[in-house]
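The values are calculated or read from the model by the stated rules, or taken from the named source; none is laboratory data. Computed from a predicted model, the values in this text were never measured in an experiment. Here the Cβ positions follow ideal geometry from the backbone for every residue, glycine too, while neighbour counts run over all protein chains shown. Accessible surface areas use protein heavy atoms only, side chains included; no ligands, DNA or RNA. Shrake-Rupley method; radii C 1.70, N 1.55, O 1.52, S 1.80 Å.
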Amino acid sequence: MFLQSYYIDNLIICVVNIFFIIKIFYAILEWEAKLVLLRHKPKVVAVTGSVGKTSAKEAIATVLSASYLV
């Protein structure tokens, strides 16, 4: 009984540790993304909706490529 409890406790500790490692990893990625955005200050165009996003994206890219690096 003690061994089973020991393994279950260790498994829970491992899962919790992995959860915190993943959380720290995503925090680092978010921080690096913010640095890139601050450094390069890109112009962002967002396309939302349920229909026609790919076509709209291609049309916008075609128009903007005349003046910007797309």
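Here are the criteria: (1) open to solvent by 80 Å² or more (accessible area, probe 1.4 Å); (2) modelled with pLDDT of 95 or more. Tell me which single one residue 35 does not satisfy.
(1)
With the condition kept exactly as written, say whether any residue in segment 9-28 is surrounded by 10 or more Cβ atoms within 10 Å (Cβ to Cβ), in contact with a helix residue (DSSP H, G or I) (Cβ under 9 Å, 6 or more places away or on another chain) and modelled with pLDDT of 90 or more.
no
Under 9 Å between Cβ atoms, which residue pairs at least 6 apart in sequence (or on different chains) link something in segment 47-67 that is open to solvent by 80 Å² or more (accessible area, probe 1.4 Å) with a partner that is aliphatic (A, V, I, L, M)?
53/47; 54/47; 57/45; 57/47; 62/70
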